[in-house]
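The values are calculated or read from the model by the stated rules, or taken from the named source; none is laboratory data. These numbers come from a predicted model, not from an experiment. Cβ placement follows ideal geometry from the backbone for every residue including glycine, while neighbour counts extend to all protein chains displayed.
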Amino acid sequence: MPEQSNDYRVVVFGAAGVGKSSLVLRFVRGTFREAYIPTIEDTYRQVISCDKSICTLQITDTTGSHQFPAMQRLAISKGHAFILVYSVTSRQSMEELQPIYEQICQIKGAIQKIPIMLVGNKSDESQRELDAREGEALASKWKCSFMETSAKMNYNVQELFQELLNLEKRRTVSLQVDGKKSKQQKKKDKLKGKCSVM
Amino acid sequence: MQPMLLHSLSELERAILQELALYQLQEKLLVGDLSLAKVGPKGSKSIRQKLESFSKEKKDGYPQTFGIPLFQVINNDRAYKQLQEEVKSSRRLCLEVEATVIRYRAQIQKKSTLGRSCGLVPCKVYSEEPLSPTFLDNSSWSQRRGGMSVDSITDLSDNTSKLLEALQLSHPHELDLRRSRGKKKMLSLNPITWQVPRIVDRCCQHIEMHGLQTVGIFRVGSSKKRVQQLREEFDRGLDVFLDEHQSVHDVAALLKEFLRDMPDSLIPRELYEAFLSTASMECPEQLATLQLLLFLLPPCHSDTLHRLLQFLNEVAQHAESSRGPDGQEIPGNKMTVSNLATIFGPNILQKEKPGEKDSGAMNIEDSTAVILVLQRLIEHYQTLFMVSPEMQHDILRRLFQTDPDVIDYLLRRKFNTVLSTESEPLTEESPPSLLPSQSCTLERNQLSSELYSSVSFLNLDVGI
């Protein structure tokens, strides 16, 4: 299939079982499943607006269980924006993001222009190993944005993707196609500024 | 005749079975690509590969386990075991000498110092004593293992070498070796040693002991540093012991890495398309075809795959939470057959060589089929590795035309093993025997009559 030049490609990375697929499925389909199923690679498409016209948001859900360096490099070089997910219940999952971040820096070079979101998922879980401050600290070190989410409780999921697109300065991308929801979005943006740890 | 485990067939029978399987698969037009014309260049390619891997070895300081062909891993293990035995026996001798010397010295000291400040020497003796029993234990164990391997160094007769030449797919490397050694020797009439590399066995055992209840085993990440360390130890040819202090996730990652880095993936690349084509078949047809394809594998690949599938089946059986004997809940590991197949599929069924551009990425389109095929293999491994009586008859019939003199021996061995499986406890390495228990109740005379009928059946068949 020939690739459309105006696709906007988001790639989701993270260790196995942190909830990458859950976040993506919650965002794309609005559903959540308890099932424990490893992913090899899935791509989802959604129509968004970009520079006052329509384009396709392509979300690539990568594998956390496999180590295919070639696939990872390919996904990074094709991606426009990245979501790095860890689970607040696992310090190890945060540590596993380091090599991925380094690889993005290496392939993409000027990292400031690349929208990257660091995401602490499973914020609803009571058995935390990491609190939000640790995520924030890492995000400021990496010069990227940070958010805690819960795919299960549908907390901050829509906001995550919106924020990621807001970080894109090279073109104007927005989740809204028709502009009708923009008011609602502004409200959400306000809320997001004050978001606190559950 | 009873169904028999593939690996308990003799080397000769296995070679014939490979040929039969290839023939049947070609009839099904499944492996037309493997036709003999194409085998030639592949043979030369394997030599090139060998040379390449050889030059690579030199650079990397001779890796003993990772990234080298499976048969070589097994050879390395075997060589190491033999070396170890020699070292151990010499060390045992040294220990004995040392012990007598120390005892002698202690006696002298006792005499001279009369118990004054002689604490040091007996203490030394004490510290060394607990070592020796473990040494002895280990060596006797590995000697037994080493002893089994002697039989596997077998060779080829003129007859069978032609036969195998037509089947270069089987084990090109070993074949080359044999040819250079001369053509006057025979394929063994005894089963080949259970050929599973140490690293696979150790990893499986470790997880069977410590990891069956671990949620997300094989899925959850590992410490890259510790895995690298383990990998280096195996590559240096060290005798790596995995104990309960080793994280199961590290061991799981090590096993995956070993499979992924095999230059000849566990299911050889030549058979990749054929295995995948079974994905769209109806179940009974699918299993029959998969079985034939498994029969095509070189023995070391087939045995290792058998061990791995048996292990994955075991892991999957602990996927769901269950109740212990006291009613307490035992948490499941959540790794169902399809999850395990998702994780292991791309490691076992590889289309491209590791290291080649976009390896893995190319696999993505096939991933559903890869997962489905591996799922079937895990679910049905028990029946897939059994050679049906019909197949055994076919083998014997085939042999009757080429080597009629060995048939009697093979039949005798067959019925003897049926009897002896009851009396002999299975060794640690052999997979569970799947012979139905009723076979053991057969009387001797019953057996011999069955043997007779089998022979006469063969005679008749060939006569016509």
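Please go through (1) surrounded by fewer than 23 Cβ atoms within 10 Å (Cβ to Cβ); (2) within 11 Å of chain A (Cβ to nearest Cβ); (3) at pLDDT below 85 for B:Lys334 and return the number of the only condition it doesn't satisfy.
Exception for B:Lys334: condition (3).
When you go through (1) within 22 Å of A:Cys144 (Cβ to Cβ); (2) within 12 Å of chain B (Cβ to nearest Cβ) one by one for A:Val85, which number turns out not to apply?
(2)
Can you tell me how many residues within segment B:281-331 are small (Gly, Ala, Ser) and within 18 Å of B:Leu384 (Cα to Cα)?
Matching residues across segment B:281-331 total 3.
Given the structure, is A:Val47 hydrophobic (A, V, I, L, M, F, W, C), assigned to a strand (DSSP E or B) and within 27 Å of B:Arg260 (Cα to Cα)?
It is false that A:Val47 is hydrophobic (A, V, I, L, M, F, W, C), assigned to a strand (DSSP E or B) and within 27 Å of B:Arg260 (Cα to Cα).
Taking the conditions exactly as written (surrounded by fewer than 23 Cβ atoms within 10 Å (Cβ to Cβ), farther than 30 Å from B:Asp261 by Cβ, out of contact with any helix residue (DSSP H, G or I) (no Cβ under 6 Å at 6 or more places or on another chain) and at the interface with chain B (Cβ under 10 Å from one of its Cβ atoms)), does A:Ala70 satisfy them or not?
no
Which of the residues that make up segment A:1-60 are under 18 Å from B:Arg219 (Cβ atoms), free of Cβ contacts under 8 Å to residues at least 40 places away in the same chain and of a type outside the set (Gly, Ala, Ser)?
A:Val24, A:Arg33, A:Glu34, A:Tyr36, A:Ile37, A:Pro38, A:Thr39, A:Ile40, A:Glu41, A:Asp42
Let's see how each residue does on (1) within 24 Å of B:His7 (Cβ to Cβ); (2) crowded, with 22+ Cβ neighbours inside 10 Å:
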position: B:Glu233; (1), (2): no, no
position: B:Ala253; (1), (2): no, yes
position: B:Ile267; (1), (2): yes, yes
position: B:Leu287; (1), (2): yes, no
position: B:Phe295; (1), (2): yes, yes
position: B:His318; (1), (2): no, no
position: B:Gly324; (1), (2): no, no
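Which residues, taken from segment A:88-117, are within 11 Å of another protein chain (Cβ to nearest Cβ) and not in a helix (DSSP H, G or I)?
If the condition is that a residue be within 11 Å of another protein chain (Cβ to nearest Cβ) and not in a helix (DSSP H, G or I), then A:Ser90, A:Glu96 are the ones that fit.
Can you tell me which residue within segment A:9-20, out of those that are out of contact with any Pro (no Cβ under 9 Å at 6 or more places or on another chain) and outside any loop (DSSP other than H, G, I, E, B), is nearest to the other protein chains (Cβ to nearest Cβ)?
A:Gly14
Counting just the residues of segment B:220-251 that are at pLDDT 85 or above and touching a helix residue (DSSP H, G or I) at 6+ places or on another chain (Cβ under 6 Å), which one comes out farthest from the other protein chains (Cβ to nearest Cβ)?
Here the answer is B:Phe234.
Being facing chain A (nearest Cβ under 9 Å) and either crowded, with 18+ Cβ neighbours inside 10 Å or among the hydroxyl-bearing types (Ser, Thr, Tyr) (or both) is the filter here, so list the residues in segment B:201-219 that pass it.
Hits for segment B:201-219 are B:Gly216, B:Phe218, B:Arg219.
Which of (1) surrounded by 12 or more Cβ atoms within 10 Å (Cβ to Cβ); (2) more than 18 Å from the chain's Cα centre (by Cα) does A:Cys144 not meet, given it meets every other one?
Of everything listed in (1) surrounded by 12 or more Cβ atoms within 10 Å (Cβ to Cβ); (2) more than 18 Å from the chain's Cα centre (by Cα), A:Cys144 misses just condition (2).
Given the condition within 14 Å of another protein chain (Cβ to nearest Cβ), without any contact (Cβ under 8 Å) to a residue 40 or more places away in the chain and surrounded by 15 or more Cβ atoms within 10 Å (Cβ to Cβ), answer yes or no: does some residue in segment B:183-200 qualify?
Looking through segment B:183-200, none of the residues is within 14 Å of another protein chain (Cβ to nearest Cβ), without any contact (Cβ under 8 Å) to a residue 40 or more places away in the chain and surrounded by 15 or more Cβ atoms within 10 Å (Cβ to Cβ).
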